[in-house]
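Report on one structure; see the data block that follows.
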Amino acid sequence: MNANVKKGDQAIILKGKKYTLQPISGALYMRILQHREDLNDGEAYNVAQFTATVDLLCECYGNKFKPDELLEELPLEKIVMEFALLEFHLRKRMDKEGEKFKQNFTSGGESPKSKSGSKAKT
């Protein structure tokens with residue numbers, strides 16, 4: 001198992017290789033949200049929507065695999081489910097970060113930015 005893969009990290013396995021969900025930028029998250037809005041509730045995907053879903057999944061996994069690889073290696077239902085579960089996994093990450101901040105704040109520790117080594121001059 002890859003040392004960078006933590007227990008519970010979202011992963012896709014293609015041709016026996018495990019790919020983990022990468023950190024998601026705000027810009028990528030905005031594209032994910034827009035795509036969710038573009039999808040019809042419960043309706044079948046059209047070609048453009050499914051292509052966008054596959055492209056976004058590739059981007060979320062750091063473009064470590066190509067859309068064609070995802071389409072050939074994962075069954076349709078897993079592709080759709082992977083996209084549907086993105087929000088769940090991103091919320092888990094945000095909850096972890098919030099918990100770290102809360103623990104640091106309640107223990108009187110420094111904020112993450114102040115730990116970067118920059119000290120105020122007195």
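We did not get these values from a lab; they are worked out from the coordinates using the rules stated. Because the structure is predicted, anything quoted here is derived from the model rather than measured. Using ideal geometry, Cβ is built from the backbone for each residue, glycine included, and neighbour counts are taken over all protein chains shown.
Sorting 94-103, 23-32 by their mean Cβ neighbour count within 10 Å, with the most densely packed peptide first, gives 23-32, 94-103. In a reduced charge model with +1 at each Lys and Arg Cβ and -1 at each Asp and Glu Cβ, region 11-94 shows a dipole moment near 560 debye about its Cα centre.
Charged neighbours of N63, selected by a Cβ distance under 13 Å, balance to -2 (K, R count +1; D, E count -1). Is region 11-94 best put as rounded, prolate or oblate by its Cα gyration tensor, with a ≥ b ≥ c the root eigenvalues, rounded for a/c under 1.5, and otherwise prolate when a/b is larger than b/c, oblate when not? Here region 11-94 falls in the oblate category.
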